[in-house]
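Step one of this worksheet: look at the structure below.
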Amino acid sequence: MKDFMELGQRILQAQPFSRLLGTGLEHLAAGEAVLTLPVREDFLQQHGYVHGGVVSYLADNALTFAGGAEFGDAVTVEYKINYVRPAKAQRLRAEAKTAAAGKRLATCQCEIWAETEGDEPYICAVAQGTIMAK
């Protein structure tokens, strides 16, 4: 599999929910993925922070893209997320990588960064998941 980005873009475009949210694929290579999401007002909860479900979606998808880059196509078996700081940002950036991979399963880790122009980016969540070859 030589052109990870081309395959990744096709997979992302085949996900109606990802298209609805406006998810972007910035990087995809063997065992690593970077997804971005511009924050919209309708992604916020009552305190003005990005809703945890939106952050969780991005982590799940980034983990699966990183694991999928190991196998060609994949699904999430399970994942865990820790919210370490409220996300108040213009954009979220998920950086995922494969920590270990076998023939059918990969364990992947992800950091979710909150980014706002003019401010220092910060980690708002970390996640780990098990990804299975489809």
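Only the coordinates and a few stated rules stand behind these numbers; no lab work does. Keep in mind that what you see is a predicted model, and the values were worked out from it rather than measured. With ideal geometry, Cβ positions are generated from the backbone for all residues, glycine too; neighbour counts draw on all protein chains shown.
The table that follows gives values for the structure above.
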| quantity | calculated |
| --- | --- |
| Chain lengthening between Thr130 and Ala100 when straightened (0.36 nm per residue, less Cα-Cα) | 9.8 nm |
| Degrees separating the helix 4-13 axis from the principal Cα axis of the chain, which is the longest one | 60 |
| Lysine pair count for the chain [Cα-Cα under 28 Å; pairs on different chains or 8 or more apart] | 10 |
| Built amide H within the under 5 Å cut-off of Ala87, gap 5+ | Val50 |
| Size of charge dipole - segment 4-133 - debye, nearest 20, with Cβ of Lys, Arg +1 and Asp, Glu -1, no other charges | 300 |
| The chain: calculated mean residue ellipticity at 222 nm from DSSP helix runs of at least 4, using -39500 (n - 2.57) | -8500 deg cm²/dmol |
| Other-chain or far-sequence residues with amide H under 5 Å of Ala74's (modelled H) | Lys134 |
| Whole-angstrom Cα spans of the chain along principal axes, big to small | 43, 26, 25 |
| Residue of Ala33, Ala89, Ala14 that the Gaussian network model of the chain assigns the largest fluctuation, springs spanning Cα pairs under 10 Å | Ala14 |
| Computed E for Leu7/Thr107 - FRET, C-beta separation, R0 30 angstrom, nearest 0.05 | 0.90 |
| Under Karplus coefficients 6.51, -1.76 and 1.60, residue-wise ³J(HN,Hα) of segment 46-51 in Hz, glycine/proline x | 5, 9, x, 8, 4, 4 |
| Contour minus Cα-Cα distance for Ala30 and Leu44 (0.36 nm per residue) | 1.7 nm |
| Karplus 3J(HN,Hα) series, Hz, for segment 80-87 with 6.51 cos²θ - 1.76 cosθ + 1.60 (x for Gly, Pro) | 10, 10, 10, 8, 9, 6, x, 8 |
| Local electrostatic count, Ala62, Cβ distance below 11 Å [Lys/Arg +1, Asp/Glu -1] | -3 |
